[in-house]
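The next block holds one structure in the form of structure tokens; read it before the comments.
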Amino acid sequence: MKFLIASDSFKGSLSSIEVGKCVKRGILRALPDAQVAVSPMADGGEGTIDALLHGDEGEEIEVRVHGPLMDRIVSSYAVFRDEAVFIECARSSGLPLVPVELRDPMVANTYGFGEQIKDAIKKGYRHFILSLGGSATNDGGVGMLQALGWEFFDEQGVLLGLEGNPLLKAASFSDRHALPELADCTFVAASDVTNPFYGPNGAAHIFAKQKGATDSDIVELDAALQRFSALIRSIYGTDVQEIAGAGAAGGLGGAIAGPLKGAIRSGVELVMELTGLEEKVKSADVVVTGEGSIDNQSLMGKVPFGVARLANKYGKLAIGIAGRIDTNLEEVNKCFNGVFSIQTECRTLEEAMDPHISALQLEVTAEQLAKVIGFRFKRS
């Protein structure tokens, strides 16, 4: 019997690779003769590089850049066999890089993300996949563009510096000093959201609060995104507000789709493509996937549903595992043959997310599932 484990991370507890290893151990305890393949998954956010490098002949390149608050940090990006570069914005502009008490999208920016891109360009790379998950910023990608040579000016025509969130004062911009190599570059942004650039469902109103913004901050950020959108449209002829996902990572998607002339794709679909997951699913009998919580929100571009739909396409058994599952399972049941929580007793959230406990729970749950599945396959 062939099992494929293609899970996302259990965020705050275990990486996708660790989840896969735990589930594999559980399955093999129940079915020692089973063939178990692990293909770590991600949705384009944090952990995507680790998932892509698993079993691939790529390499990780370290680079010193600025963090969201312009402090110096060591970051990295990945280069793959076809010389495509994968950069996670979370590694330079991510929320985990900012202490909780300092989180404030009114002062954070994406300059370091642009520095990552610039470093790869200067090393000769021209094809980029840019991950948009987990940012601490809401600068519309202005900081990134500054690092790549764009100049932004306030209402008096004064050149804006690199401090704080430059989007808030940007009244005009020029790309005359943008890196000339950009003309030969291609950009694809991987996103797990489809939010517009601004408005009630845009970057500021939906995501800025979790990054530390107040209600009045959100109004100001949204107005600034709307002004920047008009500038992009007037100079490049691209209406980023009409592009699904432009609001990802605090509007970073819009800067990639507009000034950088890039495309935005579903992060899950892109990672599945890059990891060759479809071929792996074809050769499996059972596909196991999961994440920290499986619920109806997971329908919106998350790993478990992307993997389950691929399993459905080829008539494979699709099993979901999670730290918690939604009690409203109508939509979930359309994709999965079954979803299971790994919890076996009452625990606090902190206890349940302890990596050692999560690992044990995953192994126990996988072992029990494998016993049932193995019995079914023997009888069929």
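The values are calculated or read from the model by the stated rules, or taken from the named source; none is laboratory data. Just so you know, these numbers come straight off a predicted model, no measurement behind them. Note: ideal-geometry Cβ built from the backbone for every residue, glycine included; neighbour counts use all protein chains shown.
Couple of notes before you dig in:
- Per-region count, the stretch 8-26, residues closer than 16 Å to residue 341 by Cα and either at pLDDT 95 or above or surrounded by fewer than 19 Cβ atoms within 10 Å (Cβ to Cβ) (or both): 6
- Residues (of a type in the set (A, V, I, L, M, F, W, C) and in a loop (DSSP other than H, G, I, E, B)) located in the stretch 130-150: 132, 136, 148, 150
- Residue match in the stretch 109-116 (condition: β-branched (Val, Ile, Thr), touching an Asp or Glu at 6+ places or on another chain (Cβ under 8 Å), in the same structural domain as residue 206 (by TED's automatic domain parsing) and assigned to a loop (DSSP other than H, G, I, E, B)): yes
- Of the residues making up the stretch 271-285, those that are in contact with an Asp or Glu (Cβ under 9 Å, 6 or more places away or on another chain) and either in a helix (DSSP H, G or I) or surrounded by fewer than 18 Cβ atoms within 10 Å (Cβ to Cβ) (or both) number 3.
- The residues of the stretch 332-364 that are in a loop (DSSP other than H, G, I, E, B) and free of Cβ contacts under 8 Å to residues at least 60 places away in the same chain, listed by number, are 336, 337, 342, 343, 344, 345, 346, 347, 348.
- Residue in the stretch 12-32 that is within 21 Å of the chain's Cα centre (by Cα) and closer than 25 Å to residue 169 by Cβ present: no
- Verdict on residue 199 being at pLDDT 95 or above and in a helix (DSSP H, G or I): no
Residue-by-condition table, conditions (1) more than 19 Å from residue 263 (Cβ to Cβ); (2) in the same structural domain as residue 70 (by TED's automatic domain parsing); (3) part of a loop (DSSP other than H, G, I, E, B):
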| position | (1), (2), (3) |
| --- | --- |
| 152 | yes, yes, no |
| 162 | yes, yes, yes |
| 187 | no, yes, no |
| 194 | no, yes, yes |
| 220 | yes, yes, no |
| 224 | yes, yes, no |
| 228 | yes, yes, no |
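- Filter result for residue 98 (in contact (Cβ under 8 Å) with a residue 24 or more places away in the chain and under 19 Å from the mean Cα position of the chain (by Cα)): yes
- One residue stands out among those in the stretch 188-227 that are touching a strand residue (DSSP E or B) at 6+ places or on another chain (Cβ under 9 Å) and surrounded by fewer than 20 Cβ atoms within 10 Å (Cβ to Cβ): the one that is nearest to residue 255 (Cα to Cα), which is 188.
- Residue 121 touching a Cys at 6+ places or on another chain (Cβ under 8 Å), surrounded by fewer than 22 Cβ atoms within 10 Å (Cβ to Cβ), in a helix (DSSP H, G or I) and assigned by TED's automatic domain parsing to the domain that holds residue 226: yes
- Answer residue from the stretch 39-54, given it is among the aliphatic types (A, V, I, L, M) and surrounded by 20 or more Cβ atoms within 10 Å (Cβ to Cβ) and is nearest to residue 318 (Cα to Cα) among those: 41
- Restricted to strands (runs of 3 or more DSSP E) entirely inside the stretch 15-82, those with at least 2 residues that are of a type outside the set (D, E, K, R) and farther than 22 Å from residue 133 by Cβ are 35-38.
- Given (1) at pLDDT 90 or above; (2) closer than 21 Å to residue 11 by Cβ, index of the condition residue 325 fails: (1)
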